[in-house]
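Accompanying notes for the structure given below.
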Amino acid sequence: MNPILLRLLPYIAAVLIGATGAWMWQANSYTAILAVSEANHQSDLAMISAAGAAQARKALDKQQVAEQALADLDQKAQKEKTDAVTENEKLRADVAAGTRRLRIAGSCRASGGDVSSSTGASGVGDAGSVELTQASGRTLLDIRAGIIADQAALKALQAYVLNVCRPTN
């Protein structure tokens with residue numbers, strides 16, 4: 001063999017051993033960096049997952065509170081409407097049975113309209129009342145029932161908007 005090559009052989013071997021050592025050291029370093037990066041990534045994913053689960057629980061709790069408030073409002077409104085309708089039906093039954101009569105209180109001017117200015121035993125005076133027929137009384141109570149239903153619906157809607165749509169938190 002060539003004597004120069006024999007003299008360089010230890011240097012070449014040293015360079016190869018050094019390169020191999022550096023490569024192994026660098027591979028271990030990259031493995032450690034990748035392990036730390038993977039651990040950080042898993043930690044971030046766990047935090048994101050926990051935050052998402054907490055938001056979902058909070059939204060579910062809020063929805064359940066709103067549903068309960070709506071159910072309470074609905075129950076209250078239904079009871080009020082049922083009570084008013086029951087009272088109206090009782091009045092209607094009393095009018096139909098003749099145990100109750102509907103009268104309209106009012107006053108008439110003696111000097112105007114269709115009322116004559118002469119007063120007598122059969123005349124209509126100021127602050128009198130007019131009794132309605134049974135059919136007119138039933139019609140009036142039907143109108144009242146419609147008003148009760150409309151007012152109940154309006155109250156329920158207002159309570160829904162105030163207590164469910166924009167609760168005070």
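The values are calculated or read from the model by the stated rules, or taken from the named source; none is laboratory data. Everything quoted here is computed from the prediction, not taken from an experiment. Reconstructed Cβ throughout: ideal geometry from the backbone, glycine too, with neighbour counts over all protein chains shown.
Which one of these is surrounded by 10 or more Cβ atoms within 10 Å (Cβ to Cβ), part of a helix (DSSP H, G or I) and in contact (Cβ under 8 Å) with a residue 24 or more places away in the chain: L91, L45?
L91
With respect to A35, determine if the residue is among the aliphatic types (A, V, I, L, M) and either part of a loop (DSSP other than H, G, I, E, B) or more than 30 Å from Q134 (Cα to Cα) (or both).
Yes: the conditions hold for A35.
Report yes if some residue within the stretch 108-116 is of a type in the set (A, V, I, L, M) and closer than 30 Å to S129 by Cα; otherwise report no.
yes
Tell me, which residue of the stretch 147-169 that is more than 20 Å from D83 (Cβ to Cβ) and of a type in the set (A, V, I, L, M) is modelled with the lowest pLDDT?
The residue in question is V164.
Mind checking which residues of the stretch 137-146 are of a type in the set (G, A, S) and modelled with pLDDT under 85?
Listed by number, the list holds a single entry, G137.
Of the residues N40, N28, which single one is part of a helix (DSSP H, G or I), at pLDDT below 85 and farther than 30 Å from A135 by Cα?
N28
Go through the stretch 57-84 residue by residue and tally those that are of a type in the set (V, I, T) and either within 15 Å of the chain's Cα centre (by Cα) or modelled with pLDDT under 90 (or both).
Number satisfying all stated conditions: 1.
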